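Take a look at the structure set out below.
The values are calculated or read from the model by the stated rules, or taken from the named source; none is laboratory data. Model, not experiment: these values are computed from the prediction. Here the Cβ is made from the backbone with ideal geometry for all residues, glycine too, and neighbour counts use every protein chain on show. Quick note on the areas: whole protein, heavy atoms, side chains included, nothing else; ligands and nucleic acids left out. Shrake-Rupley method; radii C 1.70, N 1.55, O 1.52, S 1.80 Å.
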Amino acid sequence: MKLYNKTAIITGGCRGIGYATVKKFLNEGANIVIIDLNKEEINDTVSYLKDYGKKVEGIVADVSNKSSVDYAINFTLERFDSIDILINNAGVVEDAQLLKMNESQWDKVIDVNLKGVFLMTQAVAQRMKEQKSGVILNASSVVSLYGNFGQSNYVAAKSGINGMTKTWARELGRYNIRVNSVAPGFILTDMLKKIPDKVLGMMKEKSLLNEIGKPEDIANAYAFLASEEARFVTGTILSVDGGLVP
Ligand SMILES: NC(=O)c1ccc[n+]([C@@H]2O[C@H](COP(=O)([O-])OP(=O)(O)OC[C@H]3O[C@@H](n4cnc5c(N)ncnc54)[C@H](O)[C@@H]3O)[C@@H](O)[C@H]2O)c1
């Protein structure tokens with residue numbers, strides 16, 4: 001088991017890529033704290049996962065709110081001796097073309113996808129510094145590398161994540177903390193639900209493997225990057241996109 005008895009916080013762990021990552025990490029022997037927005041959904045998720053034989057806790061918190069983040073970190077530290085891994089996975093979309101995007105669409109995506117990653121990492125890195133070890137993994141996106149029609153806010157946030165990843169790798173390496181991002185291509189989750197089949201077909205054709213990815217493809221990349229097998233990997237943005245060509 002790659003992650004035996006490690007404690008991992010996974011934001012947005014109730015759905016999609018986050019949920020697949022929770023299951024993968026449990027299979028690799030980790031204990032998990034899920035942070036998400038809906039209490040009922042968290043309770044259901046935690047109860048589905050009880051058969052894995054590892055400790056799974058869930059806490060309602062909004063990653064874009066500092067007091068909510070601090071509460072979630074205190075909750076974790078009351079239950080676990082260390083925080084070994086943080087997966088900044090929670091994310092939202094509010095798409096509109098530049099000339100139609102309103103301020104609240106801009107603010108929502110920047111608050112959750114960019115500020116949320118900053119707040120979570122700042123709180124957890126303090127603890128990891130004291131431990132003199134840790135792994136921080138961020139959800140970037142291929143669109144941060146190529147841009148995307150109708151996604152000024154989302155592309156700005158994901159490009160910002162790439163920059164923060166490289167900056168934090170520089171700042172935190174001296175404390176034995178590795179920081180990396182995964183840039184998924186198009187992955188079949190709720191996030192793609194609003195996209196018409198025709199557009200999904202076009203996305204599929206853009207992959208050299210002619211496929212839309214599965215949440216498990218990203219979970220596997222996180223598991224590698226979180227493990228000792230990646231001990232010499234930091235400051236990188238790993239594309240997991242089936243060879244997407246813009
Ligand atoms: N699906 C894709 O094609 C794709 C591609 C590239 C990058 N990503 C990124 O991967 C991550 C996961 O995407 P997904 O497709 O699994 O999304 P999803 O919509 O299926 O799940 C997102 C989860 O985040 C939670 N969440 C949202 N806002 C939150 C907040 N403020 N605080 C705490 N939790 C919050 C949601 O409740 C949900 O459980 C996101 O950061 C997304 O931008 C996804």
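Where the centre of each part is set by its Cα atoms, how far does region 202-228 sit from region 104-172, in angstrom? Each part reduced to its Cα centre gives a spacing of 19 Å.
Summarising the label geometry, the points placed 7 Å from Cα in the beta-carbon direction at GLU229 and TYR71 lie 3.8 nm from one another.
Partners of LYS194 within straight-line reach, counting lysines whose Cα lies under 26 Å from its Cα and excluding those fewer than 8 residues away in the same chain: LYS23, LYS39, LYS100, LYS108, LYS115, LYS158, LYS204, LYS206, LYS214.
For the chain, a Gaussian network of Cα nodes joined below 10 Å ranks LEU49, LEU99, LEU114 by mean-square fluctuation, and the top entry is LEU99.
Between the beta carbons of ASN176 and MET1, assuming R0 = 25 Å, the FRET efficiency works out to 0.70 to the nearest 0.05. Karplus-derived 3J(HN,Hα) values for region 7-12, using 6.51 cos²θ - 1.76 cosθ + 1.60 with θ = phi - 60°, are 9, 10, 9, 10, 7, x Hz; glycine and proline are entered as x.
Qualifying chymotrypsin sites (Phe, Trp or Tyr not before Pro) in region 1-43, where qualification requires a DSSP coil assignment and no more than 14 other C-beta atoms within 10 Å, comprise TYR4. Computed extension gain for GLN97 through LYS39, at 0.36 nm per residue and net of the alpha carbon distance, reaches 17.5 nm. For the options ILE42, ILE177, ILE195, a Gaussian network treatment of the chain with springs between C-alpha atoms closer than 10 Å singles out ILE195 as fluctuating the most.
When both bridge partners sit in the chain, DSSP labels roughly 5% of those beta bridges antiparallel. The mean of 1/r over all distinct Cα pairs in region 40-82, once inverted, gives the Kirkwood hydrodynamic radius of 11.5 Å. Placing one equal scatterer on every Cα of the chain and applying the Debye formula, the log10 ratio I(q)/I(0) at q = 0.14 Å⁻¹ is -0.89. At the residue level, ASP107 shows approximately 60 square angstrom of accessible surface with a 1.4 angstrom probe and all protein chains present.
Would you rank SER239, SER227 by solvent-accessible area, highest first, keeping every protein chain in place and using a 1.4 Å probe? Don't skip to the answer; put the middle values down first.
Working: SER239 55, SER227 5 Å².
Putting SER239, SER227 in descending order of accessible area: SER239, SER227.
Computed over protein heavy atoms with a 1.4 Å probe, the accessible surface of region 112-246 works out to 50 Å² per residue. GNM on the chain, alpha-carbon springs under 10 angstrom: the most fluctuating residue among GLY53, GLY213, GLY163 is GLY53. For the chain, the carbon plus sulfur part of the accessible surface works out to 51%, probe radius 1.4 Å. In this calculation the C-beta distance from GLN131 to MET202 is compared with R0 = 45 Å, giving a FRET efficiency of 0.50. Contact order for the chain, expressed relative to its length and based on alpha carbon pairs under 8 Å spaced 6+ residues apart, stands at 20 percent.
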